[in-house]
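**Q** Got a structure for you, written out below as structure tokens; questions coming shortly.
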Amino acid sequence: MIRVEVANESGVAVDEAGAADLSRRVLAGEGVEAGDLGVSFVPPDRMRELKRDHLGIDEATDVLSFPIDGRDELPDGLPRQLGDVVLCPQVVGAAWRAPLVHGLLHLLGYEHGTEMERRERIHAE
């Protein structure tokens, strides 16, 4: 079972249940059947701070990913910690689904390029 914890600190309404459902669908489609995932919606100032602190770029962005276990082999009985995807609804607006898929794929080890773009198209359908 994939457990998704959604936190909305953005100050705007977001589809928390939809984000959790999409996350589970994408992860299952990538062969991940169990694990813990965090999805956070944050305001632009927090997103800017995260991007500056972790990537050295001082700007707000649509999505950031903070992977933990990814697809690593884990000892028996140890729950998979997928990591966190952080979205800024004020940047993505109503088009949050594609950035969420993008962020989830980063958690699973995909890097920017043709394979990631192909996987994004598959999960957009």
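The values are calculated or read from the model by the stated rules, or taken from the named source; none is laboratory data. Note that the coordinates shown come from a computational prediction; the quantities given were computed from them, not determined experimentally. Glycine also receives a Cβ, built like all others from the backbone with ideal geometry; neighbour counts cover every protein chain displayed. Surface accessibility is based on the protein's heavy atoms, side chains included, excluding ligands, DNA and RNA. Shrake-Rupley method; radii C 1.70, N 1.55, O 1.52, S 1.80 Å.
**Q** Hey, any hits in the range 100-119 for a residue that's surrounded by fewer than 14 Cβ atoms within 10 Å (Cβ to Cβ) and basic (Lys, Arg)? So that I can check it myself, show each step before the final result.
**A** First, the residues of the range 100-119 that are surrounded by fewer than 14 Cβ atoms within 10 Å (Cβ to Cβ): 109, 111-115, 117-118.
In the following step, the residues that additionally are basic (Lys, Arg) were identified as 118.
Yes, the range 100-119 contains a residue that is surrounded by fewer than 14 Cβ atoms within 10 Å (Cβ to Cβ) and basic (Lys, Arg).
**Q** On to the next question. Out of (1) part of a helix (DSSP H, G or I); (2) farther than 14 Å from VAL101 by Cα, what's the single condition that is false for ASP76?
**A** Single failed check for ASP76: (1).
**Q** Looking at (1) of a type outside the set (D, E, K, R); (2) surrounded by fewer than 21 Cβ atoms within 10 Å (Cβ to Cβ); (3) in contact (Cβ under 8 Å) with a residue 24 or more places away in the chain, find the lone condition where CYS88 falls short.
**A** (2)
**Q** Anything in the range 72-91 that is at pLDDT below 90 and out of contact with any Gly (no Cβ under 6 Å at 6 or more places or on another chain)? List them, or say none.
**A** Once the filter is applied, which keeps residues that are at pLDDT below 90 and out of contact with any Gly (no Cβ under 6 Å at 6 or more places or on another chain), the range 72-91 yields ASP72, GLU73, LEU74, PRO75, ASP76, GLY77, LEU78, PRO79, GLN81.
**Q** Let me ask you something else. Look at the range 50-73 and say how many of its residues are in a loop (DSSP other than H, G, I, E, B) and open to solvent by less than 70 Å² (accessible area, probe 1.4 Å).
**A** First pass over the range 50-73, keeping only residues in a loop (DSSP other than H, G, I, E, B): 56-62, 68-73.
This time we only want the ones that are open to solvent by less than 70 Å² (accessible area, probe 1.4 Å), so: 56, 60-62, 69-70.
Residues in the range 50-73 being in a loop (DSSP other than H, G, I, E, B) and open to solvent by less than 70 Å² (accessible area, probe 1.4 Å): 6 in total.
**Q** Can you tell me which residues in the range 93-120 are within 13 Å of the chain's Cα centre (by Cα) and not in a loop (DSSP other than H, G, I, E, B)?
**A** Once the filter is applied, which keeps residues that are within 13 Å of the chain's Cα centre (by Cα) and not in a loop (DSSP other than H, G, I, E, B), the range 93-120 yields ARG97, ALA98, PRO99, LEU100, VAL101, HIS102, GLY103, LEU104, LEU105, HIS106, LEU107, GLU120.
**Q** So, in the range 25-49, how many residues would count as being part of a helix (DSSP H, G or I), crowded, with 18+ Cβ neighbours inside 10 Å and of a type outside the set (Val, Ile, Thr)? If you could, list the steps in order and put the result at the bottom.
**A** Of all residues in the range 25-49, those part of a helix (DSSP H, G or I) come to 25-29, 44-49.
So of that shortlist, the ones also crowded, with 18+ Cβ neighbours inside 10 Å come out as 26-27, 47-48.
Now narrow it down to the ones that are of a type outside the set (Val, Ile, Thr): 27, 47-48.
The qualifying residues number 3.
**Q** Right, next: With (1) open to solvent by 30 Å² or more (accessible area, probe 1.4 Å); (2) over 13 Å from the mean Cα position of the chain (by Cα) as the list, and ILE2 as the residue in question, which single condition is left unmet?
**A** Here ILE2 meets the rest and fails (1).
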